There are 2 protein chains.
Amino acid sequence: MSPRAKCAASTRDTMLASARRRFLEESYENVGLRDIARDVGVDVALVGRYFGSKENLFHQVLRGMRCDWLDSDIRAEDLPEFLAAMVLRKEEAEDREDLDRLLIILRSASSPKASELVRTAFREDVIEPVARLLPGPDAERRVAIAFSILTGTTVMRTFMGVGPLLDCCQHGLEQKLIGLLKEALSA
Amino acid sequence: MSPRAKCAASTRDTMLASARRRFLEESYENVGLRDIARDVGVDVALVGRYFGSKENLFHQVLRGMRCDWLDSDIRAEDLPEFLAAMVLRKEEAEDREDLDRLLIILRSASSPKASELVRTAFREDVIEPVARLLPGPDAERRVAIAFSILTGTTVMRTFMGVGPLLDCCQHGLEQKLIGLLKEALSA
DNA sequence: AGGCTATGTCAACGGCTGTAGACATAAAAA
DNA sequence: TTTTTATGTCTACAGCCGTTGACATAGCCT
């Protein structure tokens, strides 16, 4: 391997991690390359050098998160519980990136420069994989309806700060969500 | 009344209308005051003069749309049909501004400068009025869940461009939505 | 030691943004 | 007619943005 390559790859990864954290909390245009550079302790020009453009950096953030998701074999009838738990942030392990990716996607959903990337990422990495787990006709449509509920809940909780939905598992919110998802996924 | 007041109020209204149209299709920071000025055929400084700041302009856009909404007395059991029709854009009358306001709110939901305005507008003009129509305990929570479904559907259709949800009333999408809303609003 | 390459810095550009103050003009009032 | 007021324009200011090319430095290889 080439000299000093390890260090370069390391800072590149740190940039990616910082970008992921930033894009998680602000929309595409509200994240500045200078913010990311400051996080890493590096000049702005370097992030521009490693990832050719801001758009590509965002693309790499999305690409880097689409690996370990749904690879375990989940039975179709377990999907509602699984998806509800994901959205309500059960098991606060720091390596669960499923909800993070959904949040990044939603944050920048209406950013002209990012909307195209966001849409295909959502279709290819979220809708289609889940639809493949689902037997019966019209799988994509049913999954789309289910994710309407899931993204809606996420938007209400995270973006709109709607109080009554913030207490995670209390008041049987999770059970209600599971019930709705079952009806949504049914034919 | 003061001289030339009619003309000033007229251009001010034109600005508001243009701003509404712009905020409907772009998020808060992606709408430029110069765009609005160009729509009206006027200099940038004038929109700055009439509405002191961009933030206040956005505020006035939101305030101007919260009048004719739900003032007709809707029975609680008709709410699911009513809300589903609203989100799916039945009756394409141009004076139906309900969905427009929801779209503006959602577009700028994650814009730092606008998020506060957006959150209170959503709570005071959407959640609370509907909750007042609903008998029984925990009304706000049930309405919040119902609007999770509604905003989720809207996000999927409008922002994410999810194909299977775009054909409005076909495949019984509206019926499915109504069913989900009934379950969401039930105790 | 000397050269070379990977890694990173610095300065700056062009463009866009919201905002502010000085100025112009047309219409109403005196 | 002269004065005043409402309406709108012009210029410009800081500030941020992504992007670019030239330069510095530290470590490896020969």
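For the stretch A:5-16, does any single residue satisfy the condition of being within 29 Å of A:Lys182 (Cα to Cα) and within 18 Å of the chain's Cα centre (by Cα)?
No, every residue in the stretch A:5-16 fails to be within 29 Å of A:Lys182 (Cα to Cα) and within 18 Å of the chain's Cα centre (by Cα).
Mind checking which residues of the stretch B:34-83 are within 21 Å of B:Arg119 (Cβ to Cβ), aliphatic (A, V, I, L, M) and within 16 Å of DNA strand D (Cβ to nearest atom)?
Matches in the stretch B:34-83: B:Leu57 only.
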Some residue of the stretch B:87-101 being among the β-branched types (Val, Ile, Thr), more than 7 Å from every other protein chain (Cβ to nearest Cβ) and farther than 20 Å from A:Leu150 by Cβ: no
Those residues of the stretch B:1-33 which are of a type in the set (Lys, Arg), modelled with pLDDT of 95 or more and near DNA strand D (Cβ under 9 Å from one of its atoms), in sequence order: B:Arg12
Inter-residue pairs, beta-carbon under 6 Å, first in contact (Cβ under 8 Å) with a residue 40 or more places away in the chain and more than 14 Å from chain B (Cβ to nearest Cβ) and in the stretch A:54-69, second more than 10 Å from DNA strand D (Cβ to nearest atom) and not in a helix (DSSP H, G or I), 6+ apart: A:Phe58/A:Ala114; A:Met65/A:Glu97
Top-ranked residue in the stretch B:161-175 [being at pLDDT 80 or above and not in a helix (DSSP H, G or I); ranked as surrounded by the most Cβ atoms within 10 Å (Cβ to Cβ)]: B:Val162
Whichever residue in the stretch A:38-89 is β-branched (Val, Ile, Thr) and at pLDDT 95 or above and, among such residues, is surrounded by the fewest Cβ atoms within 10 Å (Cβ to Cβ): A:Val44
The one condition in (1) closer than 25 Å to A:Val162 by Cα; (2) modelled with pLDDT under 95; (3) surrounded by 13 or more Cβ atoms within 10 Å (Cβ to Cβ) that A:Glu92 fails to fulfil: (3)
First in the stretch A:14-31 and within 10 Å of A:Asp100 (Cα to Cα), second anywhere and not β-branched (Val, Ile, Thr), Cβ under 7 Å, 6 or more apart: A:Phe23/A:Phe58; A:Phe23/A:Arg107; A:Phe23/A:Ser108; A:Leu24/A:Asp100; A:Leu24/A:Leu103
Pair list, Cβ < 7 Å and 6+ apart or interchain, from the stretch B:176-187 residues that are closer than 18 Å to B:Leu133 by Cα and facing chain A (nearest Cβ under 10 Å) to residues that are surrounded by fewer than 23 Cβ atoms within 10 Å (Cβ to Cβ) and among the acidic types (Asp, Glu): B:Glu183/A:Glu183
Search result, residues across the stretch B:50-81 that are assigned to a helix (DSSP H, G or I) and within 12 Å of DNA strand C (Cβ to nearest atom): B:Tyr50, B:Lys54, B:Glu55, B:Asn56, B:Leu57, B:Phe58, B:His59
All positions within the stretch B:23-49 that are under 17 Å from B:Gln60 (Cβ atoms), of a type in the set (Asp, Glu) and more than 8 Å from DNA strand C (Cβ to nearest atom): B:Asp39
In the stretch B:111-165, residue nearest to the other protein chains (Cβ to nearest Cβ) [restricted to those that are free of Cβ contacts under 8 Å to residues at least 40 places away in the same chain and of a type in the set (Ser, Thr, Tyr)]: B:Ser148
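The values are calculated or read from the model by the stated rules, or taken from the named source; none is laboratory data. Only a predicted model underlies this, so the values are computations on that prediction, with no experimental measurement involved. Please note: Cβ atoms are built from the backbone with ideal geometry, for glycine as well, and neighbour counts cover all protein chains shown.
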